[in-house]
Amino acid sequence: METKVFDDLARTDATPARHNEGRFAFLNRSASQYFQEVRDLIEDWFAHLPQPAKKDLRGALRADDRQMESAFWELFLHEAYRCSGYEIEIHPDVPGRPTRPDFRMTRDEERFYIEAVSVGQAATAIGEDRRLQDLHQILADLQVQDFSLELSTYTIGPKPLATRGLRRELQDWLAGLDPDEVARSVEARTAVGFDALPAFAREDEGWRLEFHALPLRDEVRGRPRSALGMLGPGEAVVVDNVTGIRRALDSKKSKYGQLDAPLVVAVLSNTMYPTKDYEFEQALYGVSSYRPHESPRRPDSLFQEGFWLTKAGWRYGNVPQVVSAAGLSPWTVTTIRPRLWTTLEPGATATQQPDWLARLDLTVEARPLPSTAMGPCFGLPPDWPGMAEPDFDLG
């Protein structure tokens, strides 16, 4: 019997994904034609794997979002290199090592290994995000009239929030507000931003929540609707994607010892705040007042060392290239533009890579050069999956 990723079942639910619904669970139940196309694509790519590799990858694709993301990245790379004419050996044996790289790629005389890795959150952050998504779903299910709720600031507690009392308190608070009076206060501009709106604060077992009530327009009042409006928070945050990239690279640099061919590390960075090319540049070449081709001659200019470049010079020539991608999901495979980064270490052996990888011009800034589109590589039309937006049933 053919091994498939998704269940063979009748699908009738075309509603959007719930806040606390895992990606596989959503894809497996969605009756949207948009996501049927996505399922068909995954099944097609999965069918191209050799049978021994299917069991583990299928389990990961059906697991939590973190595992599914990593597994899909491997599936994406396998299909992209397969379409580019490479012979692919999955988890090849490495002499003297119990661990095995993800792929050994061979085309003509060219051979190299690929190890795929995904930049992820720390375990504590994953747990916090799950607890927050549970709260978002509870608020989305809460039916109110005349107002929407804005979760403007929050601190996430160490345990799931007890929400039964919170739902009742929010409903009672909103029932005591006059939407016309609140609207007049907003129009009078007696305050600005959230300060112009009624506030409700709640603290419980490490959680700190603050909601504001936003009055609805006259024409949509009086009908039950989801309480959840904006998700917040309103505070500024420090974005650091570089540390995660470095951590991912460091975890693979020496995992397989001295290989008989170059090792290429493929890094997927689907971070909350989108990863930029300059962050990959900083992770690889460090942070300097000079460009990467100049800073080795001025080692004192390195404010922060990189994976490849340090004040002592170049290193990890056994990993001469890094493939990077950001914002990849099963429905963005035709629009994503993976990058190819190459060490500038003299004498390092670079591999011949497919044309769908965008090389980087590092002269002034990290700027991707033209590359071929992913769609033709996968045999997909430019408008895949055939509609601009998912055809959700919004009730």
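The values are calculated or read from the model by the stated rules, or taken from the named source; none is laboratory data. Bear in mind that the values here come from a model prediction, so they are computed numbers and not experimental data. Ideal geometry is used to build each Cβ from the backbone, glycine not excepted, and the neighbour counts take in all protein chains shown.
Among the residues of the range 58-74, is there at least one that is under 23 Å from Arg107 (Cα atoms), assigned to a helix (DSSP H, G or I), of a type in the set (Phe, Trp, Tyr) and out of contact with any helix residue (DSSP H, G or I) (no Cβ under 8 Å at 6 or more places or on another chain)? Among the residues of the range 58-74, at least one is under 23 Å from Arg107 (Cα atoms), assigned to a helix (DSSP H, G or I), of a type in the set (Phe, Trp, Tyr) and out of contact with any helix residue (DSSP H, G or I) (no Cβ under 8 Å at 6 or more places or on another chain), which makes the answer yes.
Restricting attention to the range 75-99, the residues that are among the acidic types (Asp, Glu), under 19 Å from Met374 (Cα atoms) and either part of a loop (DSSP other than H, G, I, E, B) or not assigned by TED's automatic domain parsing to the domain that holds Met374 (or both) add up to 0. For Tyr278, the requirement of being of a type outside the set (Val, Ile, Thr) and assigned to a helix (DSSP H, G or I) is met. The condition of being touching a Pro at 6+ places or on another chain (Cβ under 9 Å), without any contact (Cβ under 8 Å) to a residue 24 or more places away in the chain and over 21 Å from Ser84 (Cα atoms) does not hold for Asp383. Filtering the range 300-318 to residues that are in contact with a Phe, Trp or Tyr (Cβ under 8 Å, 6 or more places away or on another chain) and not basic (Lys, Arg) leaves Ser301, Gly306, Phe307, Trp308, Leu309, Trp314, Tyr316.
Exactly one residue out of Asp240, Asp260, Asp195 is exposed (fewer than 15 other Cβ atoms within 10 Å of the Cβ), part of a loop (DSSP other than H, G, I, E, B) and modelled with pLDDT under 85: that is Asp240.
Among the residues of the range 323-342, those identified as hydrophobic (A, V, I, L, M, F, W, C) and assigned to a strand (DSSP E or B) are Val323, Ala325, Leu340, Trp341.
All conditions in (1) under 19 Å from Val333 (Cα atoms); (2) of a type outside the set (Gly, Ala, Ser); (3) in a helix (DSSP H, G or I) hold for Leu49, with the sole exception of (3). Just give me the residues in the range 1-46 being among the polar types (S, T, N, Q) and not in a helix (DSSP H, G or I), in sequence order. Answer for the range 1-46, where residues must be among the polar types (S, T, N, Q) and not in a helix (DSSP H, G or I): Thr3, Thr12, Thr15, Asn20, Ser30, Ser32. Checked against the criterion of being polar (S, T, N, Q), in the same structural domain as Pro101 (by TED's automatic domain parsing) and over 27 Å from Tyr86 (Cα atoms), the candidates Thr335, Thr349, Thr310, Thr343 yield just one match: Thr310. Exactly one residue out of Thr99, Thr106 is modelled with pLDDT under 95 and either touching a Phe, Trp or Tyr at 6+ places or on another chain (Cβ under 8 Å) or among the hydrophobic types (A, V, I, L, M, F, W, C) (or both): that is Thr99. Of all residues in the range 79-86, one or more are under 19 Å from His48 (Cα atoms) and more than 26 Å from the chain's Cα centre (by Cα).
Scanning the range 286-309 for residues that are farther than 17 Å from Asp240 by Cβ and touching a residue at least 24 places away in the same chain (Cβ under 8 Å) turns up Arg291, Pro292, His293, Pro296, Trp308, Leu309.
Looking at the range 310-322 only, could you name the residues that are more than 14 Å from Lys253 (Cα to Cα) and either assigned to a loop (DSSP other than H, G, I, E, B) or in contact with a strand residue (DSSP E or B) (Cβ under 8 Å, 6 or more places away or on another chain) (or both)? If the condition is that a residue be more than 14 Å from Lys253 (Cα to Cα) and either assigned to a loop (DSSP other than H, G, I, E, B) or in contact with a strand residue (DSSP E or B) (Cβ under 8 Å, 6 or more places away or on another chain) (or both), then Thr310, Lys311, Ala312 are the ones that fit. Residues in the range 345-395 that are of a type in the set (A, V, I, L, M, F, W, C), surrounded by 16 or more Cβ atoms within 10 Å (Cβ to Cβ) and within 23 Å of the chain's Cα centre (by Cα): Trp356, Leu357, Ala358, Leu360, Ala366, Met374, Cys377, Phe378, Leu380, Trp384.
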